[in-house]
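The next block holds one structure in the form of C-alpha cells; read it before the comments.
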Amino acid sequence: MQSQNCRNGESLNLAALSSYLEQSHLNIRKLSHVEQFTSGFSNLTYRLNTEQGPFVLRRPPFGPRAAKAHDMLREFRVLSGLQPVFAKAPKTYLMCEDEAVIGAPFYLMELIEGEIIQSKAGQESTLTPTERGQASAALIQTLADLHHLDLTGSELAQLGKPEGYVDRQVEGWIGRFERAKTENVSVPKGLFEYLRSEQIADHPGALVHNDYKFDNVIFKEQDYSQVAGVLDWEMCTVGHPTLDLGLTLAYWAHKEEVDQMPFMGINATHLPGCWRREQLVSAYAKTRAFNTDDLLYAFVFGNFKIAGIVQQIYARYAAGHTKDPRFAQLHHVVNYLMMRANRAISVGAIE
C-alpha cells in the first residue's frame, strides 16, 4: 500500500509518479512510501521507498516560479558533471522534464546516509562540542576543496562567465529583491550604493556552490570530521570563490546574534564547540590563497543575498502561494540581515 508524509499542499501524485518510474529506463517498481524532507526553504525534496531501495526526488516549489529559478534540468546537469571530479556530490539517475507527471520537472538522485546538523529539538544535546568543532573544520575544508577543483576540459567550466560575475551578482540580487519587496522590509540607506561602488575585482573563475552551509552538508554517520555529501546545487556556477566564502560566513551566526534574531540559529552554528567566523577564515586561508581585504565586501553581499533569498520566500507566502507557517515571520529575518550588513560596513569589519 502506498503512503506519504508531506506538508499540507505539497504531496505528490503517487499514481502518476509510480507509473512514470516503472516505465522509465530505471524500471523502478513498487513505490511504497514518500517522505518529504521538511527542513528546506526552496526546492522540495522527498525520499522515495521502492523495491529497488531508496531514492531522493527533487522538484521546484508549488505555485508560480521566477524565470530561471528552480531549474531542475540545470541542477541535474551540474550534479552529473560533478560526479567524475567531486565525490561528495550525489549520483543522479533520472531527469523528467514532463510537467504532466507531478506538475513540475523533477529528477532522482541517490540517498546519501549520514548526519545533517540542524538546530532542532534534541540535537543540541546529542552533539558534543568536540563534534561541532570537527564539523566546522570539515565544512570549511570541503568548501576549499570545491574551490580548488580543476575544471579544465570539464563541461562544468561552461556553467558561468567569471568576467563581470560580481557585477551581475549584485545587479541580479538587487533586482530580485526589489521585485519581491514588501512594505514591511527596508533597505539601509547607502547599501545598494556600497554594493555597486565597492565591488571586488573579478576572479579567473572557480566552481562555487552559492548556498553552502551546515544543512546542505551530510556528515558520515557518527563521524562529524568527514563530509559524506554536499546537497542543493541549484545555484552552483563558475564565479568568485571569495563571494562563496562570504555567503557561508553570512549564514554563520554566533550566539550573540542568535540572541538578537533567534531564526539565525537554524544552522546551529551558535552552539558550543562551533568555530567563530575568524576560525573558519583562518582554516580556509591555509588551503587557498585569497585577498583577505575582499572579505568584508563578500560578507556584506552575503548578508544581502540571503536577505534576497528569504524575501523571495516570504513574498510567495504573502501572496498566498505557500501556506508553510514557517514563512510567516521571515520579513523580520530580512530586516535583521540588512541591519547586519549595514553594521559590518559601519565598523569596517566582520564581527
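The values are calculated or read from the model by the stated rules, or taken from the named source; none is laboratory data. None of the values given here were measured: they were computed from a predicted structure. We place every Cβ from the backbone using ideal geometry, glycine too, and count neighbours over all the protein chains shown.
Considering 197, 136, which residue is over 22 Å from residue 311 (Cβ atoms), polar (S, T, N, Q), buried (at least 16 other Cβ atoms within 10 Å of the Cβ) and assigned by TED's automatic domain parsing to the domain that holds residue 238? Please lay out each step first, then the result.
Numbers: 197 fails: buried (at least 16 other Cβ atoms within 10 Å of the Cβ).
Exactly one residue qualifies, and that residue is 136.
With respect to the numbered conditions (1) in contact (Cβ under 8 Å) with a residue 60 or more places away in the chain; (2) crowded, with 16+ Cβ neighbours inside 10 Å; (3) over 29 Å from residue 206 (Cβ atoms), which one is the sole condition not fulfilled by residue 329?
Every condition holds for residue 329 apart from (2).
Quick check on segment 184-213: of everything there that is part of a helix (DSSP H, G or I) and among the aliphatic types (A, V, I, L, M), which residue is nearest to residue 151 (Cα to Cα)? Let's see the steps before the verdict.
Step one: of segment 184-213, the residues part of a helix (DSSP H, G or I) are 191-197.
Among the residues that remain, those that are also among the aliphatic types (A, V, I, L, M) are: 191, 195.
Numbers: 191: 34, 195: 29 Å.
Going through the qualifying residues, I end up with 195.
Among the numbered conditions (1) in contact with a His (Cβ under 6 Å, 6 or more places away or on another chain); (2) without any contact (Cβ under 8 Å) to a residue 24 or more places away in the chain, tell me where residue 314 comes up short.
Single failed check for residue 314: (2).
Rundown of residues vs (1) at pLDDT 95 or above; (2) outside any strand (DSSP E or B); (3) out of contact with any strand residue (DSSP E or B) (no Cβ under 6 Å at 6 or more places or on another chain), yes/no style:
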position	(1), (2), (3)
215	no, yes, yes
219	yes, no, no
235	no, yes, yes
242	yes, yes, yes
250	yes, yes, yes
284	yes, yes, yes
300	yes, yes, yes
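Quick check on residue 107: is it under 30 Å from residue 18 (Cβ atoms), in contact with a Leu (Cβ under 7 Å, 6 or more places away or on another chain) and buried (at least 18 other Cβ atoms within 10 Å of the Cβ)? Walk me through it before giving the result.
Values: under 30 Å from residue 18 (Cβ atoms): yes; in contact with a Leu (Cβ under 7 Å, 6 or more places away or on another chain): yes; buried (at least 18 other Cβ atoms within 10 Å of the Cβ): yes.
Against the criterion (under 30 Å from residue 18 (Cβ atoms), in contact with a Leu (Cβ under 7 Å, 6 or more places away or on another chain) and buried (at least 18 other Cβ atoms within 10 Å of the Cβ)), residue 107 qualifies.
Scan segment 286-298 residue by residue and report those that are farther than 22 Å from residue 347 by Cα, touching a residue at least 60 places away in the same chain (Cβ under 8 Å) and not in a helix (DSSP H, G or I).
288
In segment 319-349, what residues are among the aromatic types (Phe, Trp, Tyr) and closer than 12 Å to residue 304 by Cα?
The one that is among the aromatic types (Phe, Trp, Tyr) and closer than 12 Å to residue 304 by Cα: 336.
Pull out all pairs, ordered by first then second residue, where Cβ-Cβ is under 9 Å, the residues are six or more apart or on different chains, the first lies in segment 13-32 and is over 19 Å from residue 100 (Cα atoms), and the second is among the small types (Gly, Ala, Ser) and surrounded by 13 or more Cβ atoms within 10 Å (Cβ to Cβ).
Sorted first by the residue in segment 13-32, then by its partner, the pairs are 29/18; 30/18.
Within segment 259-276, track down each residue that is over 13 Å from residue 337 (Cβ atoms) and among the hydrophobic types (A, V, I, L, M, F, W, C).
Selection gives 268, 271, 274, 275.
Would you call residue 163 under 24 Å from residue 292 (Cβ atoms), of a type in the set (Asp, Glu) and not in a helix (DSSP H, G or I)? Steps first, please.
Values: under 24 Å from residue 292 (Cβ atoms): yes; of a type in the set (Asp, Glu): yes; not in a helix (DSSP H, G or I): yes.
Considered against the rule, which asks whether it is under 24 Å from residue 292 (Cβ atoms), of a type in the set (Asp, Glu) and not in a helix (DSSP H, G or I), residue 163 comes out as yes.
Can you go through 319, 289 and tell me which one is assigned by TED's automatic domain parsing to the domain that holds residue 248 and farther than 25 Å from residue 175 by Cβ? Break it down into steps so the answer makes sense when it comes.
Details: 319 fails: farther than 25 Å from residue 175 by Cβ.
Checking each option against the conditions leaves just 289.
For residues that are surrounded by fewer than 17 Cβ atoms within 10 Å (Cβ to Cβ) and in a loop (DSSP other than H, G, I, E, B), scanning just segment 63-82, find the one that is modelled with the lowest pLDDT.
Just the residues of segment 63-82 that are surrounded by fewer than 17 Cβ atoms within 10 Å (Cβ to Cβ), to begin with: 63-69, 73-74.
If we keep only those that are in a loop (DSSP other than H, G, I, E, B) too, we end up with 63-69.
On the way: 63: 71, 64: 59, 65: 58, 66: 54, 67: 49, 68: 55, 69: 54.
Once the filter is applied, the top-ranked residue is 67.
Quick one: count up the residues across segment 33-53 that are touching a residue at least 40 places away in the same chain (Cβ under 8 Å) and of a type in the set (D, E, K, R).
Residues in segment 33-53 being touching a residue at least 40 places away in the same chain (Cβ under 8 Å) and of a type in the set (D, E, K, R): 1 in total.
Checking the conditions here, which among 229, 273, 265, 246 is in a strand (DSSP E or B) and in contact (Cβ under 8 Å) with a residue 40 or more places away in the chain?
Values: 273 fails: in a strand (DSSP E or B); 265 fails: in a strand (DSSP E or B); 246 fails: in a strand (DSSP E or B).
One residue alone meets the criteria, 229.
Quick one: is residue 144 small (Gly, Ala, Ser), under 22 Å from the mean Cα position of the chain (by Cα), within 17 Å of residue 283 (Cα to Cα) and crowded, with 19+ Cβ neighbours inside 10 Å? Steps first, please.
Numbers: small (Gly, Ala, Ser): yes; under 22 Å from the mean Cα position of the chain (by Cα): yes; within 17 Å of residue 283 (Cα to Cα): yes; crowded, with 19+ Cβ neighbours inside 10 Å: no.
Answer is no for this residue.
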